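*Asks:* The structure's right below; bear with me while I get my questions together.
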Amino acid sequence: MIHLHRLSSPSTAQQELAKLHHALNSWGCFQAINHGMKSSFLDKMRQVSKQFFQLPKEEKQKCAREREPNNIEGYDNDIIYSENQRLDWTDRVYLKVLPEDQRKFKFWPQNPNDFSYTFLSPPTLNELYRKYKAETEVIIKAMTNSLNLEEDCFLNECGERDVMFLRFNYYPPCPMPDHVLGLKPHADGSTITFLLQDKLVQGLQGLKYDQWFKVPIILDALVINVGDQTEILSNGIFRSPIHRAVINSEKERLTVAIFCLADSEKEIKPVKNYSEIYFQYYHQGKRPIEASKI
């Protein structure tokens, strides 16, 4: 566990920086506490997400993804690239919230009203953006400090035009959970990913030593992992972890993920707009970072 406020406190920064460096070098992720999100708000996020996925299918289809290559936004499941593709056992809503001029409101759920108000109203989005941008900057600066680099060098590489996606995930129960996966094994294409876990039902697992380890649920903690873009920036010192989601035979599971990415016009050498190639490889069960190496 990492206390985020300790990363920027002069009296505790060095000790917490050492913990952060070890976590990202060995596992690529950590549990963040003292992150500034109130329990009541986290519970509200879970509640209204559940309300959306409980709607009749015809209602959810009003914000369905358009079946076009590389279009990930809206309500749906996997993009189909091949007949032999293994599909994730999940429903999801994917929304691009930053940059503001790239928001596609036709994919944004308007029902239930609580969903729109909690997640998508300008005050909420601005507050989410402010909080996650602040936490992302604290973490990225801490990473560069732990590498004895100039504090702003990673931030400068990522650019000023932030990219942020929200993804709401619903994993229904399955009577044969050993035959399906909620999310197939993958590493994220982000710089940093924040995950709000289900409050009761475990499902997230990380790969280490060729074994799958359960990620525990810690009350009010956010699971934070670095993505491929940070692995590239750090030249492999910080590892983008391979992870998956498993299914429960009796209980549904809901999570909310926030993906923070570099400006799509910035080149994270040797790759520009990494997210564009990411999903093609993801659905093939391959890591795009392997295709990016020189």
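The values are calculated or read from the model by the stated rules, or taken from the named source; none is laboratory data. None of the values given here were measured: they were computed from a predicted structure. Note that we place each Cβ from the backbone using ideal geometry, even for glycine, and neighbour counts take in every protein chain shown.
*Asks:* Considering region 6-53 alone, what residues qualify as being among the polar types (S, T, N, Q), within 26 Å of residue 168 (Cβ to Cβ) and at pLDDT below 95?
*Replies:* First, the residues of region 6-53 that are among the polar types (S, T, N, Q): 8-9, 11-12, 14-15, 25-26, 31, 34, 39-40, 47, 49, 51.
Those left that are additionally within 26 Å of residue 168 (Cβ to Cβ): 31, 34, 39-40, 47, 49, 51.
34, 39, 40, 47, 49, 51, listed by residue number.
*Asks:* When you look at residue 146, is it more than 19 Å from residue 17 (Cα to Cα) and of a type in the set (Ser, Thr, Tyr), yes or no? Break it down into steps so the answer makes sense when it comes.
*Replies:* Working: more than 19 Å from residue 17 (Cα to Cα): no; of a type in the set (Ser, Thr, Tyr): yes.
Considered against the rule, which asks whether it is more than 19 Å from residue 17 (Cα to Cα) and of a type in the set (Ser, Thr, Tyr), residue 146 comes out as no.
*Asks:* When region 158-170 is examined, which residues are found to be acidic (Asp, Glu) and buried (at least 16 other Cβ atoms within 10 Å of the Cβ)?
*Replies:* Let us first name the residues in region 158-170 that are acidic (Asp, Glu), namely 160, 162.
Result: 162, single match.
*Asks:* Now a separate question. Report yes if residue 66 is outside any loop (DSSP other than H, G, I, E, B), at pLDDT 80 or above and surrounded by fewer than 14 Cβ atoms within 10 Å (Cβ to Cβ), otherwise no. Steps first, please.
*Replies:* Working: outside any loop (DSSP other than H, G, I, E, B): no; at pLDDT 80 or above: yes; surrounded by fewer than 14 Cβ atoms within 10 Å (Cβ to Cβ): yes.
When the stated conditions are applied, residue 66 does not pass them.
*Asks:* Just give me the residues in region 34-44 being in contact (Cβ under 8 Å) with a residue 40 or more places away in the chain and either buried (at least 16 other Cβ atoms within 10 Å of the Cβ) or more than 30 Å from residue 147 (Cα to Cα) (or both), in sequence order. Show your work before the answer.
*Replies:* Step one: of region 34-44, the residues in contact (Cβ under 8 Å) with a residue 40 or more places away in the chain are 35-37, 39, 42-44.
Within region 34-44, 35, 37, 39, 42, 43, 44 meet the criteria.
*Asks:* Of the residues 178, 263, 228, 220, only one is out of contact with any Asp or Glu (no Cβ under 6 Å at 6 or more places or on another chain), closer than 25 Å to residue 45 by Cα and not aliphatic (A, V, I, L, M); which?
*Replies:* Numbers: 178 fails: closer than 25 Å to residue 45 by Cα; 263 fails: closer than 25 Å to residue 45 by Cα; 228 fails: closer than 25 Å to residue 45 by Cα.
One residue alone meets the criteria, 220.
*Asks:* Turning to a different aspect of this structure: Please work out if residue 13 is touching a Ser or Thr at 6+ places or on another chain (Cβ under 9 Å) and surrounded by fewer than 19 Cβ atoms within 10 Å (Cβ to Cβ). Give the steps one after another, and end with the answer.
*Replies:* Numbers: touching a Ser or Thr at 6+ places or on another chain (Cβ under 9 Å): no; surrounded by fewer than 19 Cβ atoms within 10 Å (Cβ to Cβ): yes.
Judged against the criteria, residue 13 is not a match.
*Asks:* Quick one: which of 47, 15 is assigned to a helix (DSSP H, G or I) and free of Cβ contacts under 8 Å to residues at least 40 places away in the same chain?
*Replies:* On the way: 47 fails: free of Cβ contacts under 8 Å to residues at least 40 places away in the same chain.
Just a single option satisfies the conditions, and that option is 15.
*Asks:* Among the residues of region 103-153, how many are in contact (Cβ under 8 Å) with a residue 60 or more places away in the chain, within 28 Å of residue 57 (Cα to Cα) and not in a helix (DSSP H, G or I)?
*Replies:* Qualifying residue count for the region: 1.
*Asks:* Kindly provide the set of residues from region 154-167 that are of a type outside the set (Val, Ile, Thr) and in a strand (DSSP E or B), ordered by number. Working first, answer last.
*Replies:* First, pick out the residues of region 154-167 that are of a type outside the set (Val, Ile, Thr): 154-162, 164-167.
Answer for region 154-167, where residues must be of a type outside the set (Val, Ile, Thr) and in a strand (DSSP E or B): 164, 165, 166, 167.
*Asks:* Counting just the residues of region 239-276 that are hydroxyl-bearing (Ser, Thr, Tyr) and modelled with pLDDT under 90, which one comes out nearest to residue 87 (Cα to Cα)?
*Replies:* This residue is 275.
*Asks:* Then there is this: Answer with yes or no whether residue 279 is at pLDDT below 90, under 16 Å from the mean Cα position of the chain (by Cα) and within 24 Å of residue 27 (Cα to Cα).
*Replies:* On the way: at pLDDT below 90: yes; under 16 Å from the mean Cα position of the chain (by Cα): yes; within 24 Å of residue 27 (Cα to Cα): yes.
Yes, satisfied.
Residue by residue, here is whether (1) surrounded by fewer than 16 Cβ atoms within 10 Å (Cβ to Cβ); (2) within 27 Å of residue 37 (Cβ to Cβ); (3) not polar (S, T, N, Q) holds:
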residue	(1), (2), (3)
90	no, yes, no
116	no, yes, no
119	no, yes, yes
130	yes, yes, yes
152	yes, yes, yes
156	yes, no, no
172	yes, yes, yes
178	yes, no, yes
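*Asks:* When both residues are 6+ apart or on different chains and their Cβ atoms are under 9 Å apart, which pairs have a first residue that lies in region 84-100 and is touching a residue at least 24 places away in the same chain (Cβ under 8 Å) and outside any loop (DSSP other than H, G, I, E, B), and a second that is surrounded by 20 or more Cβ atoms within 10 Å (Cβ to Cβ) and polar (S, T, N, Q)?
*Replies:* Within 9 Å, the pairs are 91/169; 92/169; 93/49; 93/169.
*Asks:* Can you tell me which residue within region 168-196, out of those that are among the polar types (S, T, N, Q) and assigned to a strand (DSSP E or B), is farthest from residue 224 (Cα to Cα)? Even if it seems obvious, please write down each step before you answer.
*Replies:* Quick first cut of region 168-196, residues among the polar types (S, T, N, Q) only: 169, 190-191, 193.
Still in the list and also assigned to a strand (DSSP E or B): 169, 193.
Numbers: 169: 16, 193: 6 Å.
This residue is 169.
*Asks:* Next question, about the same structure. What do you reckon, is residue 20 part of a helix (DSSP H, G or I), out of contact with any Lys or Arg (no Cβ under 8 Å at 6 or more places or on another chain) and under 27 Å from residue 278 (Cβ atoms)? Quick ask: steps written out before the conclusion?
*Replies:* Working: part of a helix (DSSP H, G or I): yes; out of contact with any Lys or Arg (no Cβ under 8 Å at 6 or more places or on another chain): yes; under 27 Å from residue 278 (Cβ atoms): yes.
Criteria met by residue 20.
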